[in-house]
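All of the numbers you see were taken from the coordinates with simple rules; none came from a lab. This one's a predicted model, so the numbers in the text were calculated from it and none came from an experiment. As a convention, Cβ positions derive from the backbone with ideal geometry for all residues, glycine included, and neighbour counts pool all protein chains shown.
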Amino acid sequence: MKNISFLRHAKSDWAMPFTSDHDRCLNDRGKKASKSMREFFFKTNHQFDIVFSSTAMRAIETVELIRPALRKAGVKFDKALYTFDDQVLIDIISQISDEYSAVLIVGHNPAIQETALRLSSTKSDNKFIQRIQNKYPTGAFCSLCADISSWSHVGDTLFNLVEFVCPKDL
């Protein structure tokens, strides 16, 4: 069984017009949303074997704010996750070591939204699928699972979408 979860980075700050996209930090709303998600992870006892995150400052800050709830999960920052392309994200997932069963990816839209929809089976809860199709807001989290033994099967297997939570839901 493999579980892939996605957390879109929290809301970033656009106040500094000459800051590169990669270097934008979280704004106050983003920091508050990240703390809400941290509490959600604590309360629901989510367990991840590893966290892969984009190297964009807003993703790094999101990870740092939720880190206490990650317990013993290692965190790896990967420049390749600074992507907006769902195929790139699927290619990255398919290369994850099979020693990991529960993976959290912290990244960007539209890659997160499109990957979650692309991997979701029609057996998934339509309410979640419809919400994700409508919008995948900053700070939102979804979790999908499939009965596979290897991440290399990601492109060939549909996952069950088991959860979708936005900071405003909490």
Problem set entry | Normalised contact order of the chain, rounded percent, pairs of Cα under 8 Å and 6 or more residues apart | 32 percent
Problem set entry | Highest average packing first - 96-102, 82-88, Cβ atoms within 10 Å | 82-88, 96-102
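Let a ≥ b ≥ c be the square roots of the eigenvalues of the Cα gyration tensor of segment 67-122; is it rounded (a/c under 1.5), or, if not, prolate (a/b larger than b/c) or oblate?
Values: a/c = 1.64, a/b = 1.44, b/c = 1.14.
Prolate, since a/c reaches 1.5 and a/b exceeds b/c.
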Seminar exercise, completed: Relative to the chain, whose Cα atoms define the longest principal axis, helix 57-66 and its Cα axis are tilted in degrees, nearest 10, by 70 degrees
Problem set entry | Total charge dipole magnitude, the chain, about the Cα centre, Cβ charges on Lys, Arg, Asp, Glu only, Debye to nearest 20 | 720 debye
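Scale the Cα Rg of segment 2-169 by the rule-of-thumb value 2.2 N^0.38 Å and send over the ratio, two decimals. Working shown, then result.
Numbers: Rg = 14.8 Å, N = 168, 2.2 N^0.38 = 15.4 Å.
With N residues counted in segment 2-169, Rg over 2.2 N^0.38 Å equals 0.96.
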For this session: Tell me which residues come under 5 Å, amide H to amide H, from Val162 once H is placed; ignore anything under 5 positions away on its chain.
Result: Ser143, Leu144, Cys145
